[in-house]
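A.B. asks: Have a look at the structure that comes next, please.
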Amino acid sequence: MCSKIIGAKYFHLSDDIGPEDQPSPIDIDGHGTHTASTAAGSLVRGASLYGLASGTARGAVPRARLAIYKVCWSLGCSSVDLLAAYDEAIADGVDIISASLGGPSYELFNDPIAIGTFHAMKKGILSVCSAGNDGPTLSTITNVAPWIFTVAASTSERQFKTLVRLGNGRKLEGVSVNTFSPSKKNYPLINGAKAGNGTRNPYLFPSYCDFGTLDPKKVKGKIVYCIDDGGGQDMSVAAAKGFGTIINSASYEDTAFTFMISTAILNNVTSKQVTNYIKSTRSPKAVIYKSHTINVTKAFVASFSSRGPSWLSPNILKPDIAAPGVDILAAFSTLTTVTGNIEDKRISKFNIISGTSMSCPHVSGAAAYVKSFHPTWSPAAIKSALMTTGGGGEVGHLWDSNFEHSITNNS
C-alpha cells in the first residue's frame, strides 16, 4: 500500500480532537486502511484474519493511486475539516473522491458533505459516499444530495457461520467472526441470569450480561448465555474471566461481527434450545468452534443498510446502488486491535468488517476503472454507466420490498 499512496494529509482545524488522537495522517483505528485497500489495494496472497477468509486479497482497481485526507477523530468529523479536505482534494486534482462517512441529513445548503461534493462535481470529480448503517428502518438514508453516488451494502458470495455444540450432542449454527479455537472438548455453560453478582441497578441486568453485573467466581472459564441488549456482552464476560458467550439476538442475522472472546450469535428460535438444555441438566456444557465460511449463491441487501426514501428529498431515489459491504476482508492498521478494544491482544494486518463504509470503496474503485477508460466522462455519465449495468440482487427480507437498485460486484 505504501507505494500506492501519493499523498497523505490531515485536518483538525476544529476542536474535535481527543487526547488519544495523533495529529498526523496515520490511521490508528483501521477504518481508513480497510476502505483504502478495498478501493485500490494491490494483490496480496495468503491474506486472512487468523485463517478466516484465506486467499488472495485485492482492491477493486489495484493499479490506482491513493491520496489520503484524514478528517475524522475520536470526537467526530467536523464540518470545517470536511470542507477543508474537499477543497484540498479538488485542488490536488483527484479523479474520484471516496468518503466512507456520513451523519444526520441536513438541508443541502447546510450539509458539509453536500457542499463539498457539489464543488467537486463542478470540477468533474465524482464523489462516492456510504448510505449509512441504520437500516432496515425507512428514511434513514444519509448523503442524499443528487450529485452524490450513494452506496448501500449487500452481501457477497460467502457468509461466516459459527458452530455451537451442546453437552447433549446437539449442534447449533450461529453467526460471528470467531477466530478462537477451543482447547477443550467442552466448557461449563451458565445462564447469565444465574451468574449475577448481586448488583442492584434498575438499568443493568445479568441476564443481558450487562457490564459489571457478572460474578467472576461463577463465570471464570465458562461459556455464558446472554440475551442481547445493545451489544457489549463479550466485553462483560471477558472482564469476568469467562471463556466465551452465546448471545440470543434478533438483529442482523446476515452479518457476522468480531468479538473479544469466543462468541456465537443465535436467533431467538435456536436460542430456546440452549435455555431448554440448561434447564434439563445440573451440569450443562457447551463448546464454540472457530468460524467457517459457507457459499451464498445470490447477493441481497444487508439488513443494517440504511433505507430511503430521504425525508429531505423524497422524490429523489436513494441509495443509488449497492455493493458488497458484509464481512469484507481488507487491510487493517496494526496500531489497533482486531476489535479496537485495548484489552484485545489480537493485532492483524487484515480484518473482516461490515458496513456501508465497506461497500462505498467497491463502487469508488469501479468508478475509477470506468474513468481510466473514459477520462472525459462527466461524474453523471460514470454514475449512470454503473447504475444501469449492475446486476440485479435478491431482496433479503420482507422489509426489502421497497429496495430496487443495481448491485455491483467487483470480483
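Values in this text are rule-based calculations from the coordinates and carry no lab data. The structure displayed is predicted, hence computed values, not measured ones. Backbone-built Cβ (ideal geometry, glycine too); neighbour counts: all protein chains shown.
A.B. asks: What list of ³J(HN,Hα) couplings, whole Hz, do you get for segment 289-300 from phi and the Karplus terms 6.51, -1.76, 1.60, once you set θ to phi - 60° and write x for glycine and proline?
C.D. replies: 8, 4, 5, 9, 9, 10, 7, 10, 7, 9, 7, 9
A.B. asks: OK, next. Tell me the label-point distance for the pair ASN315, SER183, using the 7 Å Cα-to-Cβ offset, in nm and rounded to one decimal.
C.D. replies: With each label point 7 Å from Cα toward Cβ, the separation is 6.6 nm.
A.B. asks: So if each residue of separation counts as 0.36 nm, and I subtract the Cα-Cα distance between GLU253 and LYS345, what length gain in nm does that give?
C.D. replies: That works out to 30.4 nm of additional length.
A.B. asks: Sort MET121, MET260 so the one with the fewest other Cβ atoms within 10 Å of its own Cβ comes first. Could you put the intermediate results ahead of the total?
C.D. replies: On the way: MET121 20, MET260 24.
Fewest to most other Cβ atoms nearby, the residues stand as MET121, MET260.
A.B. asks: Subtracting the Cα-Cα distance from 0.36 nm times the residue separation, let me have the gained length for ILE26 to SER283 in nm, one decimal.
C.D. replies: 87.5 nm
A.B. asks: Which order results if LYS194, LYS9 are arranged by neighbouring Cβ count within 10 Å, fewest first?
C.D. replies: Sorted ascending by nearby Cβ count, the order is LYS194, LYS9.
A.B. asks: Right, next: Go ahead and run the numbers for FRET between GLU107 and LEU138, Cβ-Cβ distance against an R0 of 30 Å, rounding to 0.05.
C.D. replies: 0.90
A.B. asks: Compute the distance in nm between two label points, each set 7 Å from the Cα along the Cα-to-Cβ direction, one at SER42 and one at ALA239.
C.D. replies: The modelled label-to-label distance comes out at 4.3 nm.
A.B. asks: Next question, about the same structure. Using θ = phi - 60° and the Karplus curve 6.51 cos²θ - 1.76 cosθ + 1.60, what whole-Hz ³J(HN,Hα) does each residue of segment 78-84 get, with Gly and Pro shown as x?
C.D. replies: 7, 4, 5, 5, 4, 5, 5
A.B. asks: If you don't mind, another one. What length, rounded to one decimal in nm, is gained on full extension from THR389 through to ILE6, with 0.36 nm per residue of separation minus their alpha-carbon distance?
C.D. replies: That works out to 134.8 nm of additional length.
A.B. asks: List, in the order given, every pair from LYS220/LYS290; LYS171/LYS241; LYS70/LYS241 whose Cα-Cα distance in the structure shown is over 28 Å.
C.D. replies: Violating the 28 Å Cα-Cα cut-off are LYS70/LYS241.
A.B. asks: Could you work out [θ]222 nm for the chain from helices alone, using -39500 (n - 2.57) per DSSP H run of at least four and dividing by all its residues? Round to the nearest 500 deg cm²/dmol.
C.D. replies: Numbers: 8 runs with 88 residues, N = 411.
Only helices count here, giving -6500 deg cm²/dmol.
A.B. asks: Could you check what % of the DSSP bridge pairs in segment 143-250 are antiparallel, to the nearest 5? Show your work: numbers first, answer last.
C.D. replies: Working: 5 of 13 bridges.
Bridges in segment 143-250 are about 40 percent antiparallel.
A.B. asks: A follow-up question, please. Evaluate the distance, in nm, between pseudo-label points positioned 7 Å from the Cα of LEU163 and of THR334 along their respective Cα→Cβ axes.
C.D. replies: Output for this residue pair reads 3.3 nm.
A.B. asks: Once amide H atoms are built 1.01 Å from N in the peptide plane, which residues 5 or more positions from TYR225, or in another chain, come under 5 Å H to H?
C.D. replies: Under 5 Å from the amide H of TYR225 lie the amide H atoms of ILE190, ASN191, GLY192, ILE246, each far enough along the sequence or on another chain.
A.B. asks: Over segment 165-295, how many percent of alpha carbon pairs lie in each 10 Å bin up to the one with the longest distance?
C.D. replies: Going from the shortest bin to the longest, the percentages are 14, 49, 33, 4, 0.
A.B. asks: Oh, and also: Can you sort TRP73, TRP377 so the residue with the fewest Cβ neighbours within 10 Å comes first?
C.D. replies: Going from least to most buried by this count: TRP377, TRP73.
A.B. asks: Which whole-Hz ³J(HN,Hα) couplings does segment 142-149 yield from phi under the Karplus relation 6.51 cos²θ - 1.76 cosθ + 1.60, θ = phi - 60°, glycine and proline marked x?
C.D. replies: 10, 6, 9, 4, x, 8, 8, 8
A.B. asks: For LYS9, list long-range residues whose amide hydrogen, built 1.01 Å from N in the peptide plane, is under 5 Å from its own amide hydrogen.
C.D. replies: Counting only residues 5 or more places away or on other chains, the set is ILE68, TYR69, LYS70.
A.B. asks: Output the peptides 310-320, 28-38 sorted from most to least packed, where packing is the average of other Cβ atoms within 10 Å over each peptide's residues.
C.D. replies: In descending order of packing, they fall as 28-38, 310-320.
A.B. asks: Quick check for you: which residues of segment 172-191 have the amide N under 18 Å from the point 7 Å beyond the Cα of HIS292 toward its beta carbon?
C.D. replies: Once the point is set 7 Å along Cα→Cβ of HIS292, 172-186 turn out to lie under 18 Å by backbone N, inside segment 172-191.
A.B. asks: Same structure again: Tell me, what is the FRET efficiency for THR56 and LYS122 to the nearest 0.05, using R0 = 41 angstrom and their Cβ-Cβ distance as r?
C.D. replies: 0.55
A.B. asks: Right, here's the next one. List every residue whose amide H lies under 5 Å from the amide H of GLY242, counting only residues 5 or more places away in sequence or on a different chain, with H placed 1.01 Å from N in the peptide plane.
C.D. replies: Those lying under 5 Å, H to H, from GLY242 are GLY221.
A.B. asks: Provide the FRET efficiency to the nearest 0.05 for the ARG170-LYS194 pair, computing r from the beta carbons and using R0 = 25 Å.
C.D. replies: Details: r = 20 Å, r/R0 = 0.82.
The value I calculate is 0.75.
A.B. asks: Which of the three applies to the chain, rounded, prolate or oblate, going by the alpha-carbon gyration tensor with a ≥ b ≥ c and a/c under 1.5 meaning rounded?
C.D. replies: Taking the square roots of the gyration eigenvalues as a ≥ b ≥ c, the chain is prolate.
A.B. asks: Can you give me the relative contact order of the chain as a percent, contacts being Cα pairs under 8 Å and 6 or more apart? Don't jump to the answer; show the numbers that get you there.
C.D. replies: Numbers: 993 pairs, mean separation 89.8, N = 411.
Reported relative contact order: 22 percent.
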